[in-house]
Amino acid sequence: MFVTLKIKNQLIVFPIITHKKDHSIIMGYDDVIPLLGDFGRYQRRIYLLLCLPAILCAFHKLGNVFLQAKPDHRCQLITELPNASYVLPPDILNASFPYISKTQKYSSCSMLQDNKIVPCEAYIYDDRKYESSTVIEWNMVCDQSYLRALGDALFMLGVMLGSIIFGDLSDRFGRKLIFFISLVVQVIFGVLAAIAPEYWTFTISRAIVGATTSGVFLVAYVIAMEMVGPKYRLFAGVICQMFFSFGYMLTAAFAYFITEWRSLQIALTMPGVVFFCYWWFIPESARWLLTKNRLQESMKLIQVAAKENKVTISNEQLEQLLVGDVKPKDPNEKKATILDIFRHPSLRRRSLIIFFDWFANSMTYYGLSWNTSNLGGNDYLNFVVSGAVEFPAYTFLLFTLNKWGRKTILCGCMVTAGVALLLTMAVPDSQQWLVITLAMIGKLAITSSYGTVYIFSTEQFPTVIRNAGLGAGSTSARIGSIFAPLINLTSEAWKPFPLIIFGILSLIGGCLSLVLPETLNKQLPETIADGEQFGKVKEIPDEEEQHLKTITTEETRDIKNTDKNNTDANNSEKPLNNTKEVNS
């Protein structure tokens with residue numbers, strides 16, 4: 001059977017492959033995309049529009065660095081007014097505050113009163129660096145300093161819950177609808193956070209905003225990637241992350257010029273209103289429509305893309321190509337679950353290493369992103385540099401990931417990050433520039449490894465549990481990001497401590513990953529049996545292989561055609577019917 005298409009005024013004949021037994025069509029949406037153009041004009045236009053919300057999500061994920069900025073502070077003396085200057089003459093400092101020999105500074109949480117050390121009852125803040133923040137307004141310092149870390153942790157808890165909730169909702173009710181619901185909720189609670197009268201209203205509102213970043217960025221990312229052919233998915237995925245990095249850097253610019261924290265929160269939130277107009281420009285995912293057996297609606301969207309890409313295909317021909325994707329599945333078929341990977345030693349070992357890599361990468365990435373104010377020097381400049389190093393990190397992946405292999409890049413980058421961060425504890429206090437340099441090297445390396453672990457783990461799991469495996473990896477990553485601000489809190493005991501912890505985790509993850517099999521240009525595992533055997537030389541016993549295959553054969557048959565493009569070296573997309581997680 002053949003289909004004739006008119007592409008740019010040329011007639012091209014494409015064969016349609018059929019099953020030998022029943023001659024049923026096995027082509028589907030993945031085969032239509034190359035015919036339309038893997039990354040044609042239509043896809044490029046929609047892709048660009050969908051990358052822009054990544055900037056907005058960077059605002060919210062990283063805004064707390066400045067919203068909860070912690071300036072230098074000291075006790076307010078009995079004789080002082082609340083608006084007194086932070087700077088005091090040396091003789092008053094010496095007479096009013098105990099000197100801490102360990103930190104070689106005067107105490108910022110206690111003072112001398114009647115020759116006794118007493119805790120502060122009120123504080124004077126140094127407004128030369130930060131004029132306003134939630135820390136200043138609600139005195140989140142000294143014995144209340146944990147509230148800053150708790151706020152960041154709850155925000156990332158919201159991100160984790162959002163990736164689960166909005167991912168499931170987008171699979172049920174459509175990408176487009178959930179994208180806009182998330183966007184509206186994000187704007188509403190972003191404004192509520194700006195007018196919050198006290199800490200808990202602010203923190204809960206921010207946590208809800210964190211949840212919506214998954215619904216906005218993640219769903220937009222999935223819509224974009226579902227239109228891109230396998231040949232361009234690595235490129236498209238990396239470029240989308242660069243938009244997030246640009247938003248990362250832009251956050252510092254907003255904070256530099258908008259010094260009042262409530263105004264800053266409003267400024268970071270209101271650009272979301274601009275994206276409301278996307279309702280008239282962004283289509284529903286044609287792939288999602290096919291999963292819901294809405295063939296005619298999917299065909300209509302594909303025809304719009306074909307017209308803009310100057311490809312002519314009749315509805316009859318298109319229906320022949322897509323009918324394989326709308327076959328009803330057997331409701332009685334037995335599906336593999338995430339628990340199956342823990343029943344087999346090889347799969348279990350590889351999966352636990354992958355989950356640890358997700359955990360270590362996410363904790364280190366967000367820990368370094370939120371720790372710029374503890375590095376010394378100019379906080380704003382440190383933050384911009386921390387975002388800027390992500391561009392060469394992602395560019396590095398574009399040029400090396402398909403040449404050197406996934407394992408080499410993952411292990412090399414994690415080890416490099418670990419070594420660079422551990423070296424910071426050997427730097428003397430007088431060489432603060434060297435600490436910043438080593439921290440930025442660590443940030444560059446961990447950004448590259450974070451981008452790699454996503455692709456690498458996608459290719460490690462068998463097809464029948466790939467979605468579930470990535471969901472588990474995503475959960476591990478979010479747990480790491482929840483702990484990151486708590487680790488940063490240890491800097492109050494010893495300034496280099498967070499960097500040392502991040503360095504140890506990265507180094508361990510890089511070394512453990514050496515036992516993982518390389519996946520570049522390899523036939524990816526489809527069944528549980530394939531996954532258990534993947535990377536081995538010795539075959540498993542026939543009896544065990546037969547047992548493993550019995551629970552996966554039917555599901556593999558259904559999705560084998562869709563998953564075949566995973567063997568392409570350029571494939572970096574997440575399974576497209578699942579929206580559980582994305583690197584940012």
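Select, from 198, 131, the only residue that is among the acidic types (Asp, Glu), surrounded by fewer than 20 Cβ atoms within 10 Å (Cβ to Cβ) and at pLDDT 95 or above.
Numbers: 131 fails: at pLDDT 95 or above.
Answer to the selection: 198.
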Those residues that are small (Gly, Ala, Ser), farther than 18 Å from residue 491 by Cβ and within 26 Å of the chain's Cα centre (by Cα), I need them from the range 418-437; list them, please. 418
Candidate set: the range 104-118, residues that are of a type outside the set (S, T, N, Q) and not in a loop (DSSP other than H, G, I, E, B); chosen: the one farthest from residue 144 (Cα to Cα): 116
Just one of (1) open to solvent by less than 30 Å² (accessible area, probe 1.4 Å); (2) at pLDDT 90 or above; (3) over 22 Å from the mean Cα position of the chain (by Cα) trips up residue 50, so point out which. (3)
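Please verify whether residue 169 is closer than 30 Å to residue 291 by Cα, open to solvent by 50 Å² or more (accessible area, probe 1.4 Å), in a helix (DSSP H, G or I) and modelled with pLDDT of 90 or more, treating the condition exactly as stated.
Values: closer than 30 Å to residue 291 by Cα: yes; open to solvent by 50 Å² or more (accessible area, probe 1.4 Å): yes; in a helix (DSSP H, G or I): yes; modelled with pLDDT of 90 or more: no.
The answer is no for residue 169.
Based on this model, can you work out whether residue 475 counts as part of a helix (DSSP H, G or I) and surrounded by 20 or more Cβ atoms within 10 Å (Cβ to Cβ)? Reasoning before the result, please.
Details: part of a helix (DSSP H, G or I): yes; surrounded by 20 or more Cβ atoms within 10 Å (Cβ to Cβ): no.
For residue 475, the condition - part of a helix (DSSP H, G or I) and surrounded by 20 or more Cβ atoms within 10 Å (Cβ to Cβ) - is not met.
Could you say which residue among 193, 207 is out of contact with any Lys or Arg (no Cβ under 8 Å at 6 or more places or on another chain) and either on the phi < 0 side of the Ramachandran plot or not in a helix (DSSP H, G or I) (or both)? Reasoning before the result, please.
On the way: 193 fails: out of contact with any Lys or Arg (no Cβ under 8 Å at 6 or more places or on another chain).
From the options 193, 207, the qualifying one is 207.
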Residue list for the range 71-109, filter: touching a Ser or Thr at 6+ places or on another chain (Cβ under 7 Å) and basic (Lys, Arg): 74
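Any idea which of 434, 489 is part of a helix (DSSP H, G or I) and either in contact with a helix residue (DSSP H, G or I) (Cβ under 6 Å, 6 or more places away or on another chain) or under 18 Å from residue 360 (Cβ atoms) (or both)?
Numbers: 434 fails: either in contact with a helix residue (DSSP H, G or I) (Cβ under 6 Å, 6 or more places away or on another chain) or under 18 Å from residue 360 (Cβ atoms) (or both).
Every option except 489 fails the conditions.
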Quick one: how many residues across the range 494-512 are at pLDDT below 90 and either within 21 Å of the chain's Cα centre (by Cα) or open to solvent by less than 70 Å² (accessible area, probe 1.4 Å) (or both)? 1
Hey, can you tell me all the residues within the range 403-436 that are open to solvent by 50 Å² or more (accessible area, probe 1.4 Å), within 28 Å of residue 458 (Cα to Cα) and charged (D, E, K, R)? 403, 407
So, residue 42, is that one aromatic (Phe, Trp, Tyr), modelled with pLDDT of 50 or more and farther than 15 Å from residue 311 by Cβ or not? no
The condition from (1) part of a helix (DSSP H, G or I); (2) over 26 Å from residue 521 (Cα atoms); (3) without any contact (Cβ under 8 Å) to a residue 60 or more places away in the chain; (4) open to solvent by 50 Å² or more (accessible area, probe 1.4 Å) that residue 440 misses is numbered (4)
What are the pairs with Cβ atoms under 7 angstrom where one residue, in the range 351-367, is open to solvent by less than 20 Å² (accessible area, probe 1.4 Å) and the other, located anywhere, is assigned to a helix (DSSP H, G or I) and aromatic (Phe, Trp, Tyr)? Sequence gap at least six, or different chains. 361/450; 363/483; 363/502; 364/502; 365/450; 367/502
Here is a list of conditions, (1) at pLDDT 90 or above; (2) in contact with a helix residue (DSSP H, G or I) (Cβ under 6 Å, 6 or more places away or on another chain); (3) open to solvent by 10 Å² or more (accessible area, probe 1.4 Å), and residue 143 meets all of them except one; can you say which number that is? (2)
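Yes or no: residue 223 touching a helix residue (DSSP H, G or I) at 6+ places or on another chain (Cβ under 6 Å) and either assigned to a helix (DSSP H, G or I) or more than 24 Å from residue 396 (Cα to Cα) (or both)? Give the derivation first.
On the way: touching a helix residue (DSSP H, G or I) at 6+ places or on another chain (Cβ under 6 Å): yes; either assigned to a helix (DSSP H, G or I) or more than 24 Å from residue 396 (Cα to Cα) (or both): yes.
The answer is yes for residue 223.
For residue 450, are the conditions met, namely being aromatic (Phe, Trp, Tyr), modelled with pLDDT under 95 and under 30 Å from residue 256 (Cβ atoms)?
Numbers: aromatic (Phe, Trp, Tyr): yes; modelled with pLDDT under 95: yes; under 30 Å from residue 256 (Cβ atoms): yes.
For residue 450, the condition - aromatic (Phe, Trp, Tyr), modelled with pLDDT under 95 and under 30 Å from residue 256 (Cβ atoms) - is met.
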Of 92, 78, which residue is open to solvent by less than 80 Å² (accessible area, probe 1.4 Å) and over 28 Å from residue 490 (Cβ atoms)? 92
Among (1) under 18 Å from the mean Cα position of the chain (by Cα); (2) more than 24 Å from residue 379 (Cα to Cα), where does residue 393 come up short? (2)
From 129, 116, which residue is free of Cβ contacts under 8 Å to residues at least 40 places away in the same chain and of a type in the set (D, E, K, R)? 116
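Considering 226, 260, which residue is surrounded by fewer than 24 Cβ atoms within 10 Å (Cβ to Cβ), closer than 23 Å to residue 194 by Cβ and of a type in the set (Asp, Glu)? Write out each step before concluding.
Working: 226 fails: closer than 23 Å to residue 194 by Cβ.
Just a single option satisfies the conditions, and that option is 260.
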Sole exception among (1) within 21 Å of residue 208 (Cβ to Cβ); (2) within 26 Å of the chain's Cα centre (by Cα); (3) touching a residue at least 24 places away in the same chain (Cβ under 8 Å) for residue 172, by number: (3)
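Just one of 450, 454 is open to solvent by 10 Å² or more (accessible area, probe 1.4 Å) and part of a helix (DSSP H, G or I); which is it? Reasoning before the result, please.
Values: 450 fails: open to solvent by 10 Å² or more (accessible area, probe 1.4 Å).
Answer to the check: 454.
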For the range 513-536: of the residues being more than 22 Å from residue 343 (Cβ to Cβ) and out of contact with any Lys or Arg (no Cβ under 7 Å at 6 or more places or on another chain), which is modelled with the highest pLDDT? 514
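The values are calculated or read from the model by the stated rules, or taken from the named source; none is laboratory data. This structure is a prediction, so every number in the text was calculated from the model and none was measured. Here the Cβ is made from the backbone with ideal geometry for all residues, glycine too, and neighbour counts use every protein chain on show. The accessibility values were calculated without ligands, DNA or RNA, using every heavy atom of the protein model including side chains. Shrake-Rupley method; radii C 1.70, N 1.55, O 1.52, S 1.80 Å.
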